[in-house]
1. Taking the condition open to solvent by 50 Å² or more (accessible area, probe 1.4 Å) and closer than 16 Å to residue 168 by Cα, does residue 88 pass?
2. Kindly evaluate residue 129 against the criterion of being at pLDDT 90 or above, closer than 13 Å to residue 104 by Cα and outside any helix (DSSP H, G or I).
3. Of the residues in region 120-161, how many are among the charged types (D, E, K, R), open to solvent by 60 Å² or more (accessible area, probe 1.4 Å) and touching a residue at least 12 places away in the same chain (Cβ under 8 Å)?
4. Looking at region 162-181, I want the residues that are closer than 16 Å to residue 152 by Cβ and have a partner that is among the hydroxyl-bearing types (Ser, Thr, Tyr) and surrounded by fewer than 19 Cβ atoms within 10 Å (Cβ to Cβ) with Cβ atoms under 8 Å, at least 6 apart or on another chain. Which pairs are those?
5. Please name all residue pairs, on different chains or six or more residues apart, with Cβ atoms under 7 Å, provided the first residue is in region 83-99 and is over 20 Å from residue 184 (Cα atoms) and the second residue is of a type in the set (Phe, Trp, Tyr) and crowded, with 17+ Cβ neighbours inside 10 Å.
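The values are calculated or read from the model by the stated rules, or taken from the named source; none is laboratory data. Computed from a prediction, not measured in an experiment: that's the story for all the values here. So basically every Cβ, Gly included, is an ideal-geometry build from the backbone, and we count neighbours across all protein chains shown. To get the accessible areas, we keep the full protein, side chains included, count just its heavy atoms, and leave off ligands, DNA and RNA. Shrake-Rupley method; radii C 1.70, N 1.55, O 1.52, S 1.80 Å.
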Amino acid sequence: DDDDDDDEEEEAAGARGACMSKEDWLAREEAEPHPGLSPADAEQELPYLQMINALLPPTIRAIAWCPVVPHFNARFACSMRSYKYFFVRADMNIEGMRAAAKLLEGSHDFRNFCKIDSSKPNLTFTRHIISFDIIPVVEQETESRYSVWSMDIKATAFLWHQVRAMAAILFAVGRGELEEDFVSYM
């Protein structure tokens, strides 16, 4: 799961002039709301799900699609991003990991949790983690060392490799190599 660095992308796009700023995009959306499809367009619609799923391996399925206006920008229209990072419990201290994850919630400088690109000197490292939960995938198997758990992370944006770095620190907490409050000092 490669984390995107939205600021890097915005700066690069601004230099190329290829994309609008988030503020410009939001202002345009307010002035020109999504018109939706006309009945005539709906009748001539292609079977997108069947077309996409015919090209995908059987373990990956598209389950829905939605029409958008031509100037739609998925990156700027997104108000939240989320990751699920799956792992096997083994001998992990789940409660310690949960406590450490909660310390990462909120707005913080995450420069120590990312891969820094020195060619982007004006990059801001402050990100807002909306929620960071560690939950079992199947509730009944929480005590088994073979149970599968997930780190569910929701944020307004992520830095490059931020999720990997946070997961690595939480795994170190789970193995007892770091105290849970260690993340506060990073």
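1. Numbers: open to solvent by 50 Å² or more (accessible area, probe 1.4 Å): yes; closer than 16 Å to residue 168 by Cα: yes.
When the stated conditions are applied, residue 88 passes them.
2. Values: at pLDDT 90 or above: yes; closer than 13 Å to residue 104 by Cα: yes; outside any helix (DSSP H, G or I): yes.
So residue 129 passes the test.
3. Within region 120-161, the subset among the charged types (D, E, K, R) is 120, 127, 133, 139, 141, 143, 145, 152, 154.
Retained after the next criterion (residues that are open to solvent by 60 Å² or more (accessible area, probe 1.4 Å)): 139, 141, 143, 145, 154.
Still in the list and also touching a residue at least 12 places away in the same chain (Cβ under 8 Å): 145, 154.
Within region 120-161, residues that are among the charged types (D, E, K, R), open to solvent by 60 Å² or more (accessible area, probe 1.4 Å) and touching a residue at least 12 places away in the same chain (Cβ under 8 Å) number 2.
4. 163/85; 167/85
5. Within 7 Å, the pairs are 87/149; 89/149.
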